[in-house]
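What follows is a set of notes on a single structure, which appears directly below.
The values are calculated or read from the model by the stated rules, or taken from the named source; none is laboratory data. Model, not experiment: these values are computed from the prediction. Glycine gets a Cβ as well: all are built from the backbone with ideal geometry, and neighbour counts include every protein chain shown.
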Amino acid sequence: MNKIQTLVGDIKKLEKELLDEMEKKEDEFLYKIKGKKVYFEEETKKYHKVIATGISTYILNAPLLILLTVPIIWFCIIPSIFLDLVASTYQFICFKIYAIPQVKRSDYIVIDRQSLNYLNPIEKLNCVYCGYINGMIAYVQEIAGRTEQFWCPIKHARKLGTMHKRYHKFLDYGDHEEFKNRLAEIRRDFGDVKEEK
């Protein structure tokens, strides 16, 4: 257990280091973030508009098969909005009952690429779509992870393709003693979430 906690600590340090490095890009690419808005210097904004690909050029240069898949891609917005609504309603009601801290939606769904003037309106719309869909999936995964921690905090025997960030707290597969002795403790172990807020 100690080794796992050490590795999780190392991962968190590396994530912070990565975020610090990404913040350095603000100076390199001449933008500032104030609240939730991104501001570019005027000269940079003008240059971005000059290099943006026109809509007609963008569409004419797109391969036909890619154009034909656009309705399929955009159809996915309907079940995605439904999933977002269901997950938000679920956590709003159930997390209060279970005493699980709410997942802050705005920490996961970040839509800011439309501020990039080197993107044409179609590219901006596509970036809004991707920011929403991927953020919503991460948001739902966190809701699911907190739910799993409350109801079934046991690691799987088989290897997972990816793990949510609550998984390291789970009990080892097959360890029935720890399950009996620590289930109540793990169900309430959201101290790290409260610190994030």
Check your understanding: For the range 119-135, what are the residues that are in contact (Cβ under 8 Å) with a residue 12 or more places away in the chain, surrounded by 15 or more Cβ atoms within 10 Å (Cβ to Cβ) and farther than 17 Å from Thr162 by Cα?
Key -> Leu119, Asn120, Glu123, Cys127, Tyr129, Gly131, Tyr132, Ile133
Check your understanding: Going through the range 54-90 one residue at a time, which ones are of a type in the set (Phe, Trp, Tyr) and without any contact (Cβ under 8 Å) to a residue 40 or more places away in the chain?
Key -> Phe75, Phe82
**Study point:** Yes/no for Tyr47 being assigned to a strand (DSSP E or B) and either farther than 30 Å from Asp192 by Cβ or more than 28 Å from the chain's Cα centre (by Cα) (or both)
**Key:** no
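If you check Pro71, Pro63, Pro101, which single one turns out to be at pLDDT 90 or above and either within 21 Å of Tyr139 (Cα to Cα) or surrounded by 13 or more Cβ atoms within 10 Å (Cβ to Cβ) (or both)?
Pro101 is the lone residue from the list that is at pLDDT 90 or above and either within 21 Å of Tyr139 (Cα to Cα) or surrounded by 13 or more Cβ atoms within 10 Å (Cβ to Cβ) (or both).
Listed here are the residues, each with its yes/no results for (1) charged (D, E, K, R); (2) surrounded by 10 or more Cβ atoms within 10 Å (Cβ to Cβ); (3) without any contact (Cβ under 8 Å) to a residue 12 or more places away in the chain; (4) in contact with a helix residue (DSSP H, G or I) (Cβ under 8 Å, 6 or more places away or on another chain).
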position	(1), (2), (3), (4)
Lys12	yes, yes, yes, no
Glu15	yes, yes, yes, no
Glu21	yes, no, yes, no
Asp27	yes, no, yes, no
Lys32	yes, yes, yes, yes
Glu42	yes, no, yes, no
Point to revise | Identity of the residue in the range 152-196, touching a Lys or Arg at 6+ places or on another chain (Cβ under 8 Å) and aromatic (Phe, Trp, Tyr), that ends up nearest to Lys12 (Cα to Cα) | key: Tyr167
Review point. Within the range 114-152, can you find the residues that are under 16 Å from Gly54 (Cβ atoms) and among the basic types (Lys, Arg)?
Key: Lys124
Point to revise | Conditions (1) loosely packed, with under 10 Cβ neighbours inside 10 Å; (2) of a type outside the set (Ser, Thr, Tyr); (3) at pLDDT below 80: number failed by Val8 | key: (1)
Review point. Counting only residues that are aliphatic (A, V, I, L, M), part of a helix (DSSP H, G or I) and either within 22 Å of the chain's Cα centre (by Cα) or loosely packed, with under 13 Cβ neighbours inside 10 Å (or both), how many does the range 150-197 have?
Key: 2
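Tell me which residues, restricted to the range 74-89, are among the β-branched types (Val, Ile, Thr) and either surrounded by 11 or more Cβ atoms within 10 Å (Cβ to Cβ) or touching a Ser or Thr at 6+ places or on another chain (Cβ under 8 Å) (or both).
Ile77, Ile81, Val86
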